[in-house]
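Here's the structure, in structure tokens; my notes come after.
The values are calculated or read from the model by the stated rules, or taken from the named source; none is laboratory data. For clarity, every value in this text was computed on a predicted model and none was experimentally measured. Ideal geometry is used to build each Cβ from the backbone, glycine not excepted, and the neighbour counts take in all protein chains shown.
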């Protein structure tokens, strides 16, 4: 057990991703205790959401079965431990047989041979932020030494979550400060210069109106210059809005995308429909913003470049290799393009890919003459809200 503590401590000190750290902690639980499997999740008392982060020894299909049971409203032991802030030892057979909402889990647990579970809350600054659950096979009961070890490992997990929170908060503050500085500079320097150019153009138009023959030689060019300046002012305002988006204030990313889709539908007269879960797992502010901006860019491309008449946005939760993902799929029925042949100056696709990399997400773009599909997959373990619920 001492070796397991040392390895857990070094993993936390390494400051790797929360996914890696909690996966390693779950593995250490198996290596130094009689447990057959271990799962570490982050949870919220506020909305009852649970996001599995670290797992070891869990059979295929277990994580999906937990999701399904939660969706059915099953009273999960882990959530009881989170809310009561006390460790809970339960007989699994009694839990599963007492409530049909656990049906998705019943066969998996029976095949795994689990009989007992122990759930211990992870507490940071007197606030519960998650739970560690260990599973024991038929005929094996956790000893007092096991329980003490699990409590200690839960404390290690809480330290890992706290470290992730502090790092996330520091990075978000630095990013927000820099973006606000850039927005101020653009407003104070570039926007004011454009406004001055517009006033001077107006003055030139008035002066040219007093010159004989200017209607044909000067005024058309000055009107074109004024239109160009107006478009540049609009582009600059949009850029500043992107640096300091307001749509996410008081909304989750799904609600913000719905709001933007309604604005596009009303402004441009096409159908933009959004389908998303009523409640999404908590995300970092940076992850929410990047997802939102990628969706905006993809919708804008469908309107402005592809000539689409219909755009759909589908937001869902999926599992792959024991990692939960938020999937955002934006598709349109426009003219399509060649994603790998986009020339210089067309920075939209490059910007989307850069934003995806910044949050550890995968972005795929498929396009044909019949339309374009943009698929974004965000690993939730790397994007969990840094502040406790």
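Details
- In region 299-319, the residues that are touching a residue at least 60 places away in the same chain (Cβ under 8 Å) and within 17 Å of the chain's Cα centre (by Cα): 315, 317, 319
- Failed condition for residue 139, given (1) at pLDDT 85 or above; (2) exposed (fewer than 15 other Cβ atoms within 10 Å of the Cβ); (3) closer than 24 Å to residue 378 by Cβ: (3)
- Filter pass, residue 175 being part of a helix (DSSP H, G or I) and either modelled with pLDDT of 70 or more or on the phi > 0 side of the Ramachandran plot (or both): no
- Of all the listed residues (67, 126, 146), the sole one being assigned by TED's automatic domain parsing to the domain that holds residue 162, free of Cβ contacts under 8 Å to residues at least 40 places away in the same chain and surrounded by fewer than 21 Cβ atoms within 10 Å (Cβ to Cβ) is 126.
- Any chance residue 272 is surrounded by 19 or more Cβ atoms within 10 Å (Cβ to Cβ), modelled with pLDDT of 80 or more and over 18 Å from residue 356 (Cβ atoms): yes
Residue-by-condition table, conditions (1) surrounded by 14 or more Cβ atoms within 10 Å (Cβ to Cβ); (2) more than 28 Å from residue 308 (Cβ to Cβ); (3) modelled with pLDDT under 75:
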| site | (1), (2), (3) |
| --- | --- |
| 185 | no, yes, yes |
| 225 | yes, yes, no |
| 258 | yes, no, no |
| 279 | no, yes, no |
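- Against the list (1) outside any helix (DSSP H, G or I); (2) modelled with pLDDT under 80, the condition residue 203 fails is (1).
- When restricted to residues that are more than 30 Å from residue 63 (Cα to Cα) and touching a helix residue (DSSP H, G or I) at 6+ places or on another chain (Cβ under 7 Å), region 299-320 contains 5.
- Given (1) out of contact with any strand residue (DSSP E or B) (no Cβ under 8 Å at 6 or more places or on another chain); (2) farther than 20 Å from residue 128 by Cα, number of the condition residue 57 does not satisfy: (1)
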